[in-house]
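The next block holds one structure in the form of structure tokens; read it before the comments.
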Amino acid sequence: MKYSILILLIISSLVFSQNTETNNDISKTIITSSDLKSSGVINISDIFTLLNNWNNSTINGYSFAVSPNNLSLYQNQNVIVLIDGQQFDLGEHDFINLNLIPLTIDQIDTVEVNSFPQINNGVYVQSGVINFITKKPTKGLSFNLFNSVGNEVGDPGPYVFTQERSPNVDKLGYLLSFNLNTGGENWYLRSFIKTEENYLTDPAIKDRINSISTDSKSRMLAASAILNFNALSGNHNFLFGYTESDDFIFYRQIGHELPTNKILKHFGLNGTFNLTQNIDLNYFIKKSDNELKNRSSSTYSEFYEHSKLFLTRFEGKYKNKNIFMTFGLTYENSEIALLDVNSEFDRIILYTSLNYFLSQNFNYLIDFSTTKQSGETLLNGTLKNFWNITSNSSLLFAFSYSQNLFVYNIFSPFPENFADITNSTTSDTKSNLFSSALSYNHSFNNNLKFTIAGDYRHFFDYALEEYNYQFNPIGGSIESNYNIKTNEYLKAGSGTIELEHAISEVVKHKFYYSYQADFEGSFLFRELWKSFPNHKLVYSINFNFNDSFGLWAKYYFQSETIWSEYQYLDFQSDKESSSKIKAYSTIDLSIQKWFWQKRIWLNLVFKDILNNHQYFHPIGAGFDMRFYLQFHLYFHSILI
Amino acid sequence: MNKLKILFLILFISGSVLSQSNKNIFNKSLFALSYINSSEHNGLDTYWNIENGFGGYFQTQFYLGDISVGISHTSFKGVKTKYPDFSSNYIYVSWIGEINLPLNSSLGAGIKVGSYLMTFEDDTLSSFQKNESELAVGPYAIFSLPVFSRFSINISGEFITVFTKRSMKFFNLSAGISYSFTTPNWLRRVFE
């Protein structure tokens, strides 16, 4: 099967072509700084809500399990997160907390999101990559301040002192950051610090939290420094990042949160040497050191995970009028310690990418990578074809074939369980995915753009974790035994329509609809796939009255999802929770205004103004209407 | 579905109107102080008596109508000792549209939205328990009559819904005085 797919990729590359512009690539999303501001994004993790083709689920409102473009289940999250092209290891397993990256949204110039398997910054990414590109400071000394507060409706208020008392609901965090930059003609230095707090008082998770910790707050402190300079015929970027977080991280293996203290350290240097007009040499060297242990307020039994990663990558790039070619080699060494269990492994990745411009209207991109890891060889390949049919219509056709080693949820609070699982594996733990995409894009005029797209996924030889959660009314905890099932497979497809229309200079709106369904597969895979909605509809409208004042509103609808892992929840919890999340719709509203000649920016955000009680996970917090206020203060080039 | 239609209708209308009127933004401003008589209509008076309050706001011309920021303070006395006294500070922003009437008077209607902050007077409570805040929204109307130079007398009525689990629904009747002035350039620069 895998060889036939590779042959198909190669043959297709000979007969198909694609267009030089990639802006009709529906799998790529570019979110600009002004998009972030107008849409009321406050936390970095809110970015997931702007990615229409990503499914997401959350228990606490800020850590998310995601499925980018139907390329994965919610299990074993392997989204790659980059800061200025440097891979930043969040040390996450089942839920990704993007807020751990040492940035706030006022530092971000652009977010590039790729949702189709292909090589991205030297890594073959099977299911989603998010690259945060930071703003380049202006010359001289600059600083800015960021502050946000939020609240959710439904608190008891004074009734807490009466017989009509009700539980308190979540305060939605407090976020404060400060950034100091200095820059010259050929260099800049940025320093950054942020602190964040969240209250985990939602009734759905409060009992679980209180049974394992004497403190129900989560806190974070993060800092970073970036030094960027031009030297030796090139540009070089040093990034230091540090994050310490006291949190409650949900682990699927045990079915509830653990009170965790996490420390992330990142040292990275990447850059480019422009050897000739046509040849560049890129490099990336990184060392990360991540630690996870009980937080001081924990009443839970001791656990510990320490992972160190050293990564080095060199890649050569050649470009001329018709060809853009890349060759690269990556070496990774990982050391992981789990209490008294230690392991170490190496990974070597060899990759190449060819972007061939056959003519002004045709080009194709072919990526290929081979990875040597744990005695196994993994093959990955992608072909993307672009064709400018006319001056205002284009077609994209893409295939990919990728292999992954099945990675167990490697951290377990009980290392002996980890060892048992490792021993129970079969020899064949390679998972395979064939993906294809077809999209047609048409611009009726400068103001109206239409895209229709279809995707096909074939997952095969997958190893999946099977859970059957049991609800324990004492402490509201959820417990599970789990198995690993191999040879799982699924075939699924989706269709998408997108319309973008500028009514005037002031008013712009967008419509998005997608339908996805699986049509063949093993029982467990099909059951787990039901946690994704079949229908999704998003409508957003943006009023930019001038460059100082704007309004934005979004309507979101998704159909019912079914979480078979929680099938016993309905009756065991006496219907307090359910394995089904009903179809829901929300409306969000954001109002933004600049003050003091663009030195102060205020944003008032209302989420779910219809006040529909929303769930994003069967045992997660329920959310009512929320409102936030964020404040940015900017001073640029105050001392030149 | 009706809620949704109304919302987008409002957005479309306000958006298209707002986009056409930028003429007098921030030209004129006013300060106002008012005395507030407040009553609650969703059962809070079973536990607390509401005392009279006071408030103040700053208002300036916006793309359409006027926009203001303000604060209203009210005190609540428990009918029994087990219900602690508390005070509320409603910090809000509002938008108002006005029509001119004879004698240079005006009538306006608008909407306020803000944070309803409550502080409970009970020393046994932790700082977390002592303070509570909740979203509050409501429409209001105001009648304004110039009386002397730049001074006007204002009478207003407003409904406030505080989105606690059991919502609190207030009706406030206010009377007060306002002072209007041409917005100084330094202040205009702050707004722009």
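Quick notes
- When chain B is treated as a GNM with alpha-carbon contacts under 10 Å, the residue of B:Asn104, B:Asn49, B:Asn154 showing the greatest mean-square fluctuation is B:Asn104.
- Helix B:2-18 and the long axis of chain B differ in direction by around 40°, with both axes built from C-alpha atoms.
- Loop GluC sites (Glu not before Pro), the range A:497-587 (other Cβ atoms within 10 Å of the site Cβ: 15 or fewer; DSSP): A:Glu505, A:Glu560, A:Glu576
- Environment charge at A:Asn468 (Cβ cut-off 13 Å; Lys +1, Arg +1, Asp -1, Glu -1): -3
- Spin-label model distance (nm) - A:Glu244 vs A:His535, 7 Å beyond Cα toward Cβ: 5.1
- When the convex hull of its Cα atoms is projected in every direction, mean area for chain A (nm²): 28.5
- Footprinting exposure proxy for B:His41, A:His266 (fewest neighbouring C-beta atoms within 10 Å first): B:His41, A:His266
- Averaged over the residues of B:128-137, the number of partner chain Cβ atoms lying within 10 Å of the residue Cβ comes to 5.
- GNM remark for chain B: springs join alpha carbons under 10 Å apart, and the peak mean-square fluctuation among B:Thr161, B:Thr182, B:Thr60 falls on B:Thr182.
- Inter-chain Cβ neighbour count for B:159-165, averaged per residue, equals 5 (cutoff 10 Å, partner chain atoms only).
- Look at the stretch A:541-550: the mean tally of other chain Cβ atoms within 10 Å of its residues' Cβ atoms is 4.
- Kirkwood hydrodynamic radius over Cα pairs of the range A:52-156, then Stokes diffusion coefficient at 10 °C and 1.306 mPa s, in µm²/s: 102
- Dipole check for chain B: with +1 at the C-beta of Lys and Arg, -1 at the C-beta of Asp and Glu, and the Cα centre as origin, the magnitude is about 500 Debye.
- FRET efficiency, A:Lys28 to A:Asn546 (Cβ-Cβ, R0 35 Å, nearest 0.05): 0.70
- Highest to lowest packing among A:535-543, A:64-72, A:315-323, B:24-32, scored as the average C-beta count within 10 Å: A:64-72, A:535-543, B:24-32, A:315-323
- In summary, the lysines within cross-link reach of B:Lys130, defined as a Cα separation below 23 angstrom excluding same-chain residues under 8 places away, comprise A:Lys171, A:Lys206, A:Lys217, B:Lys77, B:Lys80, B:Lys82, B:Lys165, B:Lys169.
- Max mean-square fluctuation residue, GNM over chain B, Cα-Cα springs under 10 Å, options B:Ser126, B:Ser167, B:Ser106: B:Ser126
- Taken as entire DSSP H runs, the helices of chain A that both span 18 Å or more between Cα atoms along their own long axis and average 0.0 or more on the Kyte-Doolittle scale are A:2-15.
- Rounded to the nearest Hz, the phi-derived 3J(HN,Hα) couplings of the range B:175-187 under the Karplus curve 6.51 cos²θ - 1.76 cosθ + 1.60 (θ = phi - 60°) are 9, x, 10, 10, 10, 9, 7, 6, 5, x, 4, 4, 6, where x marks glycine and proline.
- Charge tally in the Cβ shell below 14 Å around A:His535, where Lys, Arg are +1 and Asp, Glu are -1, A:His535 excluded: +2
- Charge tally in the Cβ shell below 11 Å around A:Tyr74, where Lys, Arg are +1 and Asp, Glu are -1, A:Tyr74 excluded: -2
Any read-out appearing in this document is the output of simple, stated calculations on the displayed coordinates, not a laboratory observation. Predicted, not measured: the structure shown is a model, and the values here were computed from it. With ideal geometry, Cβ positions are generated from the backbone for all residues, glycine too; neighbour counts draw on all protein chains shown.
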